[in-house]
Amino acid sequence: MISSSIKPIVLLWVLTILIPLTLITTYTLTVLLLHGYRRTVPYISDTIDFSPESCIGSFFISIAAFLVFKIVLIKHFLLKNNINEHCNYNNEILFNQNKNEKKRNRAIVLNRISTFLGIICCICIHGVSSFQYHNTSIIHSLFAASFFFAGFIYIFTQTYLDDKFSNLPKRILILRRVISLTTSVFIGYDLAAIFEIISALSIFFYMVSFFYEFSKININIQFNTISEIQHHKEYNENSALLVSQ
């Protein structure tokens, strides 16, 4: 058996460095090469619209989308564990266990829906970087709108569940509430360049706020060789024969 341990906080560090560095690079190239339609503040889409910034943006933003996908999955299982621990504790001190189980089931379903929307966000990030606006404006705009819509619901539902079931410091919960409200305020406008940037940064900073939880956990990965799997299978078969005899 081969085992390995991974610290999820490493994913956050890479994402924290990768996204700003990529956008600063593409923004600088857009301004220097006058690819932003001479706007004072270009849209994010402008900064990855033409070559060479589109090549840089597509490559590194796609990597960021994969990192966000992993982060969303880790957060899902972490929150699922918090929900179970919270409800198991309540079962020990409350007499109405049926009501507590219903609460657990609703929370788990909401966490699944939230995670699904988080995965939609990852797909949309990849889609926005892959389909440049000047080539396929409709597809690009659909991915962008879906990213903001799914991202807002994701951070809102995650903040709600964390508030109810996670044992987080008050400052972390307050920070996430503020980020959620910031995104909801700016998502309603016509997404002018400055509001688009603020909304995107709000979603990004929300992911960064996972540093607290991720710094306290490790992910253990185990690999079994083919011989070990075969040996385990034969052991189970022999055990089943002994039981039947």
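Between K70 and I174, what length comes free when the chain is fully extended (0.36 nm per residue of separation minus the Cα-Cα distance, one decimal in nm)?
Numbers: separation 104, 0.36 × 104 = 37.44 nm, distance 2.46 nm.
Gain in length upon complete extension: 35.0 nm.
What full-extension length gain, to one decimal in nm, is calculated for F59 and K102 as 0.36 nm per residue of separation minus the Cα-Cα distance?
11.1 nm
Using 0.36 nm per residue, how much length does the chain from I221 to V14 gain when fully extended, once their Cα-Cα distance is taken away? Before the final figure, lay out the partial values.
Numbers: separation 207, 0.36 × 207 = 74.52 nm, distance 2.01 nm.
Length gained, I221 through V14: 72.5 nm.
At R0 = 51 Å, how high is the FRET efficiency between S137 and N84 if r is their beta carbon distance? Nearest 0.05 is fine.
Efficiency, rounded to the nearest 0.05: 0.65.
Got a sec to turn the phi values of segment 147-160 into Karplus ³J(HN,Hα) couplings, 6.51 cos²θ - 1.76 cosθ + 1.60 with θ = phi - 60°, whole Hz, x for Gly and Pro?
Calculated HN-Hα couplings, in order: 4, 5, 5, 5, x, 4, 5, 4, 6, 5, 5, 5, 5, 4 Hz.
Readers should treat all values here as calculations from the given coordinates under stated rules, not as data from a laboratory. Please read these numbers as outputs of a predicted model, since none were measured by experiment. Cβ atoms come from the backbone with ideal geometry, glycine included; neighbour counts cover every protein chain shown.
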